[in-house]
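Every number in this text was worked out from the coordinates using simple rules, so none of it is lab data. This is a predicted model, so every value here is computed, not measured. Note that we place each Cβ from the backbone using ideal geometry, even for glycine, and neighbour counts take in every protein chain shown.
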Amino acid sequence: MADDVNQRVEDALEKLVSITKRSGNLRKDIKQDILVSVSVLRKEFSTLKCQIKTEKEEQKKLREEVKKAKDELVRRDKQLDKWRHLWTTCSKVQAAEIN
């Protein structure tokens, strides 16, 4: 999908450049403004794509960290359950010894 969007944007920008080349009626300053604007748009789209890629990589890294933290919590919860069971068992044994 992103490739489709990239292609449509590039096609639209290329059409603007093509119009400036084909049109004999446009003033030279307007043609130059269009070409400069297309150049700026290409640069900004490129910057946005890089930012999106970086953010996706960061999100992946954060998801992995969250998964590790969840796994650690599960491990500790199981360990805590073992300690609770041991504590309950010891308490019952002590209560039985007292009676």
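Just to be sure before I move on: is GLU58 surrounded by 10 or more Cβ atoms within 10 Å (Cβ to Cβ) and either part of a helix (DSSP H, G or I) or more than 40 Å from the chain's Cα centre (by Cα) (or both) in the structure I sent?
Here the answer is yes, as GLU58 does meet what is asked.
Which residues, taken from segment 15-63, are under 24 Å from ALA2 (Cα atoms) and among the basic types (Lys, Arg)?
LYS15, ARG42, LYS43, LYS49, LYS53, LYS56, LYS60, LYS61, ARG63 - these are the residues of segment 15-63 that are under 24 Å from ALA2 (Cα atoms) and among the basic types (Lys, Arg).
State the number of residues belonging to segment 23-45 that are surrounded by 13 or more Cβ atoms within 10 Å (Cβ to Cβ) and in a helix (DSSP H, G or I).
Residues that pass the stated criteria total 8.
Could you say whether any residue in segment 76-90 is in contact with a helix residue (DSSP H, G or I) (Cβ under 7 Å, 6 or more places away or on another chain), part of a helix (DSSP H, G or I) and of a type in the set (Val, Ile, Thr)?
Scanning segment 76-90, I find no residue that is in contact with a helix residue (DSSP H, G or I) (Cβ under 7 Å, 6 or more places away or on another chain), part of a helix (DSSP H, G or I) and of a type in the set (Val, Ile, Thr), so the answer is no.
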